[in-house]
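Here's the structure, in structure tokens; my notes come after.
The values are calculated or read from the model by the stated rules, or taken from the named source; none is laboratory data. This one's a predicted model, so the numbers in the text were calculated from it and none came from an experiment. With ideal geometry, Cβ positions are generated from the backbone for all residues, glycine too; neighbour counts draw on all protein chains shown. To get the accessible areas, we keep the full protein, side chains included, count just its heavy atoms, and leave off ligands, DNA and RNA. Shrake-Rupley method; radii C 1.70, N 1.55, O 1.52, S 1.80 Å.
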Amino acid sequence: MAKNEKPVSNKPSKMTVMLFQLEGSDETLQEGFRTINTAIDRLANPVVRVIASQQFKGLPASKNGDDNGGDVLEAELVEESGEAEQVPVERAKPVRATGVPRQPKILELNFKAGTVPLRTYLEQKNPPSHSRKCLLIAACLKANLSIDDITMDHIYTAYRHMGWTSPKDITSPVRSMKKQNGWFNKGKEEGSYAINHIGIDVADNNKSE
């Protein structure tokens, strides 16, 4: 009589009892015992053969091609536990829109201050392009209101004051003058620009270059 013993656990336990009766010579009995032991061992420790393409996709193949190797043991554990390893799925991060300028806002500015108010100054100069309009606005704000750094909000407010239609990218003319002409420097704050003495000279004398 043989009995399989398992550790105590919360799961239901099983016990298999087998009774064998053999007759024959000593040699025959020994051979029978070996056969019975082999059969019991196979029942207690079954060999699981894995077909990777059907039952256990994704398991690595054995390096030596032996079904009884480490890969078979790994598959056997998966089959006995009945639990599949949960692989965390990385969620895509939200993509923020870039390169889209914010909407400008109107500032509270006194354009009538100074010796020559902004409207009079711009009407006298009669700037023909957005670049010249932005240049003259920056020069006038610096002279009349002591505003060194201008932003899209300053330009937009001046355009609204004059009744002009502003460009879609309102600071594009200023960036171009900073890069190509050198009439502006980078301001103290992000997105701000400061007209320099060369730009002021061009604005005051209405130079073409």
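Have a look at Asp204, Asp153 and point out the one that is acidic (Asp, Glu) and surrounded by 14 or more Cβ atoms within 10 Å (Cβ to Cβ). Step through it out loud before you land on a result.
Values: Asp204 fails: surrounded by 14 or more Cβ atoms within 10 Å (Cβ to Cβ).
Of the residues listed, the single one that is acidic (Asp, Glu) and surrounded by 14 or more Cβ atoms within 10 Å (Cβ to Cβ) is Asp153.
Test each condition in (1) in contact with a Leu (Cβ under 9 Å, 6 or more places away or on another chain); (2) over 21 Å from Leu107 (Cα atoms) for Ile195 and report the one that comes out false.
For Ile195, the exception is condition (2).
Just the residues that are assigned to a loop (DSSP other than H, G, I, E, B) and in contact with a strand residue (DSSP E or B) (Cβ under 9 Å, 6 or more places away or on another chain), please, taken from the stretch 125-155. If you could, list the steps in order and put the result at the bottom.
The first filter runs over the stretch 125-155 and keeps only residues assigned to a loop (DSSP other than H, G, I, E, B), leaving 126-129, 146-148, 151.
Within the stretch 125-155, Asp148, Thr151 meet the criteria.
Please go through (1) of a type outside the set (Phe, Trp, Tyr); (2) surrounded by fewer than 19 Cβ atoms within 10 Å (Cβ to Cβ); (3) in contact with a Ser or Thr (Cβ under 8 Å, 6 or more places away or on another chain); (4) under 12 Å from Tyr193 (Cα atoms) for Asp148 and return the number of the only condition it doesn't satisfy.
(3)
Restricted to the stretch 104-145, and to residues that are among the polar types (S, T, N, Q) and open to solvent by less than 50 Å² (accessible area, probe 1.4 Å), which residue is farthest from Ile195 (Cα to Cα)? Write out each step before concluding.
We begin by selecting, within the stretch 104-145, every residue among the polar types (S, T, N, Q); these are 110, 115, 120, 124, 126, 129, 131, 144.
This time we only want the ones that are open to solvent by less than 50 Å² (accessible area, probe 1.4 Å), so: 129, 131, 144.
Working: Ser129: 17, Ser131: 13, Asn144: 14 Å.
Per the criteria, the residue is Ser129.
Within the stretch 169-176, is even one residue in a loop (DSSP other than H, G, I, E, B) and among the acidic types (Asp, Glu)? I'd like the intermediate steps shown before the answer.
Going through the stretch 169-176, the residues in a loop (DSSP other than H, G, I, E, B) turn out to be 169-171.
Keeping just the survivors that are among the acidic types (Asp, Glu) gives 169.
Checked against the condition, which is being in a loop (DSSP other than H, G, I, E, B) and among the acidic types (Asp, Glu), the stretch 169-176 yields at least one hit.
Find the residue count for the stretch 153-176, including only residues that are farther than 20 Å from Pro117 by Cα and in contact with a Ser or Thr (Cβ under 6 Å, 6 or more places away or on another chain).
The total comes to 1.
Does the stretch 192-204 contain any residue that is over 23 Å from Val116 (Cα atoms) and not in a helix (DSSP H, G or I)? Spell out how you get there, then give the answer.
Applying the first criterion (over 23 Å from Val116 (Cα atoms)) to the stretch 192-204 yields 192.
Then keep just the ones that are not in a helix (DSSP H, G or I); that gives 192.
Yes, there is a match, as at least one residue in the stretch 192-204 is over 23 Å from Val116 (Cα atoms) and not in a helix (DSSP H, G or I).
Mind checking which pairs have a first residue in the stretch 164-178 that is aliphatic (A, V, I, L, M) and a second that is exposed (fewer than 13 other Cβ atoms within 10 Å of the Cβ), Cβ under 8 Å, 6 or more apart or different chains?
Listed by first residue and then by second, the contacts come to Ile170/Pro101.
Within the stretch 176-199, can one find any residue that is in contact with a helix residue (DSSP H, G or I) (Cβ under 6 Å, 6 or more places away or on another chain), modelled with pLDDT of 95 or more, among the aromatic types (Phe, Trp, Tyr) and open to solvent by 30 Å² or more (accessible area, probe 1.4 Å)?
yes
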